[in-house]
Amino acid sequence: KSLSAISDAALISGLSMASLGVIATNSPSEAFLSWRGALSFLSFSVFLAAGLTAIFPGSIALYNLYLYGGVALLGVYAVQLPEHIARGEDEEDYDPLGHAIGIYLNSISMFIYLVEIFANEGKKSDS
């Protein structure tokens, strides 16, 4: 069962990061770059949920907010970073290598979140 969770997480994280990257680079305008306000709010919410999970360790709602909010946050980053690479030549702090490493680290983080989600789903179905 754990191997199935790992393979499912690898497949879903790879497909979602690739498809979101294709959507971002082929978008006609810089629509995703204007999501900074929503991105900061989502980042703060996930950070707050992670902190509150440490204070209230038995709260399933906070734990789910942390897990699924983290996946949503990484999905938004997966749309924003390729657009920075594709359209960022006119920016003064243009760093395509830094953004590419960010995409790689986000895909690893999404894989870890998804493994945790699928492992928890396997525990629910076993009991």
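Things worth noting here:
- Tail beyond 14 Å, pair distance distribution of region 1-74 (Cα, percent): 71 percent
- Over the chain, DSSP H runs of length four or greater, each weighted -39,500 (n - 2.57), average out per residue to a 222 nm ellipticity of -29000 deg cm²/dmol.
- Of the complete DSSP H runs in the chain, those spanning 30 angstrom or more by Cα along the long axis with a mean Kyte-Doolittle score not below -0.5 are 2-25, 60-87, 96-126.
- The Rg/Rh ratio for the chain, using Cα coordinates for both the radius of gyration and the Kirkwood hydrodynamic radius, is 1.03.
- Region 36-60-region 91-106 distance, computed between alpha-carbon centres (Å): 25 Å
Every number in this text was worked out from the coordinates using simple rules, so none of it is lab data. Here the structure is a predicted model, which means the values were calculated and not measured.
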